[in-house]
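This report concerns only the one structure given below.
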């Protein structure tokens, strides 16, 4: 049976690779592939190659090892806590329709199937580790980059297995009737108790952090000794030990050190493997069932062709507004996508959680405290979130072509020009994100404005900054959303489809690859507006103060961005009119 | 109503449809048949404006699909073999949405009547995830018929329907044709095509191999008996065509 699995895995890998290479015959893909490779060589590959030969030290490698180990431990612990609260929707045990049809009915034990899927998942893990090493290696590796790569693989593979184990355990708990609320409450209680105990213990034994040290090196070394003392104090030592043991091989400075530390980390990897494989037949069955449902969900997402339910249990809530039977057809697309957003499809829920919690915090602070540090901190968080949302918002909120591309046949049969289809589809994410940005900017203005010295020139500062941001928010969100959708329409084979992002360690590499590309294009698109803003501000500030110059300068910059948006809509709309789903999508659907 | 001239469509180096020419008159039902991979669905997707043809001209109600795609599509409906629905819109919302896209002033009344006809009235607030395969198919049909199209393209229209649904569907197709709509029905169910269609277009390897009424096609093949069914005709005309190079 191993031979058959090996055949399937290798042939799948080979054919997928060949189809990706064949795709490069198309000039568009070839061009972007060359640009991508050149960029990665420029920012990472060159350093990697140089580093591999001369083992030069990266920026962060001068940190005391304990700091890197503790930081990595915290990351690992955090992701484990999150996974116990809310398991990632896609696991390495997710089966495709073909696998379900051919393998579930074949004379193969479930255990053998799971073992094969876990091994197969390593292909994706290796790709992610490669990308991670390419970027993080030059900064984090303390020894040879290949040792870093091998160490990172142990970390990623162990984490993938651990997450799978958590999924299986969660499935078992669900079967036994443990609900989400109870599970989250217990997880958070255990986490708070453990971290609280460790913190109290450490603060009573270790004391305050060192201060007043001159020189970066001295301060860093002293801080490293302080963290080492904290990490060695009682409960903290126990909490941090698994994570520290796991990441040590990646930070090894020599082959001997790597082998010594690697043996322990490999032991953790083996333990996780045994945990997953030994979870019991019932859990294996459950995992496969769960995986099957996930696959059905995925199929349902990609065009309603699949079997099974919708991605999430949807409820027919009230539409955001009443749609008249005649009028601009773009409004129908806006209405449809807002319904999708409000029915928790396409990423609005996490955004609402983040923003809602933020505003709840603001309200509490406003009610219980006088203007002070808390106002400044929360106000600054609002400002930062507004800024971040411009970049990550269009990536999270996917109520656009990423949601609708699988319905392209239906959309193309509608009596709509490409431009109308594009405008209608992009309206919803732009409106939702702009509304959230304006709320955040209001929070920033209210909280910061109330604190920073009344009567001084800064008393109007936060309000002015917020107003400037609010003017720029609409066109910037438009440009960002347009770029995300242009990337999807021009290179659909490189962007994940569906209303939700793919999850999992194995998808990290691809995520990094596409995100950096999109950010690069967005940065380039902002250059003209930034120049116009700068010139306008220079001219305006000669006659007026900042409180007028900033928002006034934002107007031509916003107009420039709007112009870019309009140009993008015209070009992409024309492209959409010529869009050929059989060339662009059919292979994606088959591959995906 | 529909004129197709020299329609050619290639996928890479493979010609799926080659120089296909035919017409469908108002009130006429054309049966489009052919073996698997003959190019039926590709032809329909080209006519529906989903796939751009490599060559040829498609005119719908006097509007060239390439020159005036919006006006041409406004008069047409395409019912795919698999119902493509938006997971997050209810049955009623699907019809509201399609009504606005096609600018149907009395969409609400028409939707009521269609839902009644298709026995979906009690499922108005249901999401597609709560519908059976047949109900989804009915909803897709309702969406297609809402704007009273003058050209209707059906790709395997009976898939997933129960016997009552099949009967109603056949009646609906006949009724639409009687009211002046041009209809193309692509199906492997030859008895359905024989029963419903006025004329038949047989394609194989992307080429037209027979076109006309059943009697006309039979007359063109003297080897066939007078009582030959469409199945006999189909097997005869498709067996003598050379495979695609």
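Here, each number is a calculation from the coordinates, and none is a lab measurement. What you see is a predicted model, and the numbers here were worked out from it, not measured in a lab. Positions of Cβ are generated from backbone atoms using ideal geometry, with glycine treated the same way; all protein chains shown enter the neighbour counts.
Note that the range A:512-582 carries a Kirkwood radius of 14.3 Å, evaluated over its alpha carbons pair by pair. Could you give the distance between the Cα centres of the range A:530-583 and the range B:46-99, to the whole Å? Their Cα centres are 35 Å away from one another.
Placing a label point 7 Å from the Cα of residue A:245 along the Cα-to-Cβ line, the residues of the range A:111-154 whose backbone N sits under 16 Å from it are A:154. Summed over all non-identical Cα pairs, the Kirkwood treatment of the range B:1-75 gives a radius of 12.6 Å. Label-to-label distance, residue A:439 versus residue B:10, with points set 7 angstrom from Cα along the beta-carbon direction: 5.4 nm. For the range A:405-449, the pair-distance distribution built from all alpha carbon pairs, in bins 10 Å wide starting at 0, is 23, 31, 21, 15, 9, 1 percent. According to the square roots a ≥ b ≥ c of the eigenvalues of the Cα gyration tensor, what is the shape class of the range B:126-199, taking rounded for a/c under 1.5, prolate for a/b larger than b/c otherwise, and oblate for the remainder? Oblate. Between the Cα long axis of helix B:107-117 and the first principal axis of chain B there is an angle of about 70°, rounded to the nearest 10.
Report the FRET efficiency, 1/(1 + (r/R0)^6), for residue A:192 and residue A:519, where r is their Cβ-Cβ distance and R0 is 41 Å, rounded to 0.05.
For R0 = 41 Å, the calculated efficiency reads 0.70.
The orientation-averaged projected area of the convex hull spanned by the Cα atoms of chain B comes to 13.5 nm². Distance between the C-alpha centres of the range A:134-199 and the range A:220-269: 16 Å, rounded to the whole angstrom. Work out, in µm²/s and without decimals, the Stokes-Einstein translational diffusion coefficient of the range A:73-208 at 37 °C, 0.692 mPa s, Rh from Kirkwood over C-alpha pairs. In µm²/s, the coefficient rounds to 183. Placing pseudo-labels 7 Å out from each Cα toward the beta carbon at residue A:544 and residue A:264 gives an inter-label distance of 6.4 nm. Nearest 5 is fine: what % of DSSP beta bridges in chain B come out antiparallel, could you say? Rounded to the nearest five, the antiparallel share is 55 percent.
The range B:55-153 has equivalent-ellipsoid semi-axes of 26, 14, 11 Å, by the square roots of 5 times the alpha carbon gyration tensor eigenvalues, sorted largest first. Under the simplified labelling scheme, the residue A:182-residue B:124 pair shows an inter-label distance of 4.1 nm, with each label point 7 Å from Cα along Cα→Cβ.
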